[in-house]
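To start, the structure under review is shown below, and the notes come after it.
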Amino acid sequence: MNHLSNGRMKRVPEPELIFTKSKKGRVGANIPTCSTPAVDLSEAIGDLREDLHLPEVSELDTIRHFTNLSQINYGIETGFYPLGSCTMKYNPKINEATARLAGFANLHPMQPVETIPGALELLLGVQEMLQEITGFDNITLQPLAGAHGEMTCLMLIKAYHESRGEGETRKVVLVPDSAHGTNPASAARCGYSVKSIPTDANGNTDLEALEKALDSNVAALMLTNPSTLGLFEPNIEKICRMVHEAGGQVFCDGANMNAMVGTTRPGDHGFDCMHLNLHKTFSTPHGGGGPGCGAIGLQAHLEPFLPVPVIRRGSEGEVMADYSRHHSIGRVSAFYGQFLMEVRAFTYLRAYGKEKMADISRYSVLNANYVRARLKDVLPPAHDRPCMHECILTAEKYKKEHGIRALDISKRLIDYGFHPPTNYFPLIVPECLMIEPTETETKETLDMFCDAMIAICHEAIENPDALHHAPSTAMVGRLDETLAVKQLDVRWIPAAKETAGV
Ligand SMILES: Cc1ncc(COP(=O)(O)O)c(C=O)c1O
């Protein structure tokens, strides 16, 4: 660990670029001499070889370059990763072993369906297990991310209202002000206008405001439970009843299912549909933003609109991919979804088993409450009640009294060898730090993290500059994040071209 609060600041050096290691004519592969006559392509492709500036390096230099890069990457396998709302849980190695089995890995998505009964059985197996865990009547594994699952659910809801002749009137989707940004985005993408519902002083949905907003124009309420405040919504059944009485549907943002798996089922709470992030709750890799998997659960009245193919059992007990669905919303992804991610999720579900499934939610909730309790004197929780799988803390007092923001605390954490938690989300908590430890972390790791956070909070008072200038040990210091987003710079350009503005 890089515990450098004692003033020994040493920045990790930037690695040499592979382009600067290039030597003309050096090759990294031993390619056999080709018996086909050589063809001069220069007329067709011109100076492409030169223009591309491909590095010419030996095999060993290539291996060293990428191994070194992999070692400066921070991941769940190198350290604690408390990024809230993202459920950065450990992905057990057994998942990778099964996903690599030749019978799965070598399947081609265009193989005739009769040749893949085992793969279809596996997909159905995942569906059935998720059905049991969530309490919904049906599951589809088609959506490729959480946001994609949200959008697919809203498409089902839209098709449902249209089938009842209410498609033209129900044009509004209600979204709490604590929701993840993908919720309003999904609603807007489906052609809905979005109305924000406030959160009350206890962190729950403001029932009075909801009551006022409910009318015959409302298509749906999108509710995250547990909410992004890390709190279980105590009025969930009442809220579902209220929306149903107004003719609307209730979608559950299930990104926080890690707090409930094996313990309670959203399908029993009154929701009509929900999305799951398999890359969160069911341990498939996030993989640099993908490939994700956003399975959805739905009640029977939405089944006619399911995207195709519907994986189900046929009349003879065989598993089939059913495309003949007259009311289907159509395809939402190619083929059968992210098949190898389903293999990983299947492995995870079977490895835990029904009996141990509740350990996931119990330990994730326990760990979050432990962190919350250890940090409450230096970073007060946004709401004074036990949290679910993540705790939401506020650094507001450091901003007011010492000019230190949540971002400064997070950046300083990098100097202590930890990945920062999520900052400034949910938007309604000032100077918000959102910490999600997940269930697999030990008490010792949580203690090391909490010790670092407490030390940083003391520094915020005694030596605020250490936080303002953090990170001091990382390869790059404090970036201008707005500029970095607006002027993406992710490509190497040869110096000569850069000066010429190419
Ligand atoms: C509460 C919540 N909802 C939805 C999403 C969207 O999921 P995805 O990133 O897979 O699209 C996230 C992602 O972090 C989330 O935290």
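Within segment 280-301, is even one residue within 16 Å of the ligand (Cβ to nearest atom), buried (at least 24 other Cβ atoms within 10 Å of the Cβ) and free of Cβ contacts under 8 Å to residues at least 60 places away in the same chain?
no
Pairs please, first residue from segment 168-191 and closer than 13 Å to C153 by Cα, second anywhere and among the basic types (K, R), Cβ atoms under 7 Å, 6+ apart in sequence or on different chains.
If the second residue must be among the basic types (K, R), the pairs left are C190/K158.
Looking only at segment 412-455, count how many residues are touching a residue at least 60 places away in the same chain (Cβ under 8 Å) and more than 23 Å from the chain's Cα centre (by Cα).
Residues flagged as touching a residue at least 60 places away in the same chain (Cβ under 8 Å) and more than 23 Å from the chain's Cα centre (by Cα) within segment 412-455 amount to 10.
Within segment 267-279, can you find the residues that are in contact with a Ser or Thr (Cβ under 6 Å, 6 or more places away or on another chain) and either crowded, with 24+ Cβ neighbours inside 10 Å or closer than 13 Å to S361 by Cβ (or both)?
Listed by number, the list holds a single entry, L278.
Looking at segment 60-83, can you tell me whether even one residue there is out of contact with any His (no Cβ under 8 Å at 6 or more places or on another chain), on the phi < 0 side of the Ramachandran plot, surrounded by 14 or more Cβ atoms within 10 Å (Cβ to Cβ) and among the aromatic types (F, W, Y)?
No, segment 60-83 contains no residue that is out of contact with any His (no Cβ under 8 Å at 6 or more places or on another chain), on the phi < 0 side of the Ramachandran plot, surrounded by 14 or more Cβ atoms within 10 Å (Cβ to Cβ) and among the aromatic types (F, W, Y).
Residue by residue through segment 38-68, note down the ones that are at pLDDT 90 or above and not hydroxyl-bearing (S, T, Y).
Matches in segment 38-68: P55, E56, V57, E59, L60, D61, I63, R64, H65, F66, N68.
Any residue in segment 258-268 that is within 12 Å of the ligand (Cβ to nearest atom) and part of a helix (DSSP H, G or I)?
Yes, some residue in segment 258-268 is within 12 Å of the ligand (Cβ to nearest atom) and part of a helix (DSSP H, G or I).
Of the residues that make up segment 206-217, is at least one within 16 Å of the ligand (Cβ to nearest atom) and in contact with a helix residue (DSSP H, G or I) (Cβ under 8 Å, 6 or more places away or on another chain)?
no
Answer yes or no: is there a residue in segment 120-139 that is in contact (Cβ under 8 Å) with a residue 24 or more places away in the chain, within 16 Å of the ligand (Cβ to nearest atom) and over 22 Å from C252 (Cβ atoms).
No: zero hits.
Given the condition part of a loop (DSSP other than H, G, I, E, B), closer than 27 Å to I133 by Cα and out of contact with any Pro (no Cβ under 7 Å at 6 or more places or on another chain), answer yes or no: does some residue in segment 182-200 qualify?
no
Any idea which of (1) of a type in the set (K, R); (2) assigned to a loop (DSSP other than H, G, I, E, B); (3) within 19 Å of the chain's Cα centre (by Cα) is the one K280 doesn't satisfy?
The number of the failed condition is (2).
Could you list, in sequence order, all residues of segment 317-327 that are surrounded by fewer than 19 Cβ atoms within 10 Å (Cβ to Cβ) and either in a loop (DSSP other than H, G, I, E, B) or touching a residue at least 60 places away in the same chain (Cβ under 8 Å) (or both)?
G317, E318, M320, A321, Y323, S324, R325, H326, H327, listed by residue number.
Does segment 294-316 include one or more residues that are within 12 Å of the chain's Cα centre (by Cα) and either over 20 Å from S163 (Cα atoms) or part of a loop (DSSP other than H, G, I, E, B) (or both)?
yes
Checking the conditions here, which among A460, A406 is touching a Ser or Thr at 6+ places or on another chain (Cβ under 9 Å), among the small types (G, A, S), at pLDDT 95 or above and crowded, with 16+ Cβ neighbours inside 10 Å?
A406
The values are calculated or read from the model by the stated rules, or taken from the named source; none is laboratory data. What you are looking at is a predicted structure, and each value in this text was computed from that prediction instead of being measured. FYI the Cβ positions are ideal-geometry reconstructions off the backbone, even for glycines, and counts take in every protein chain you see.
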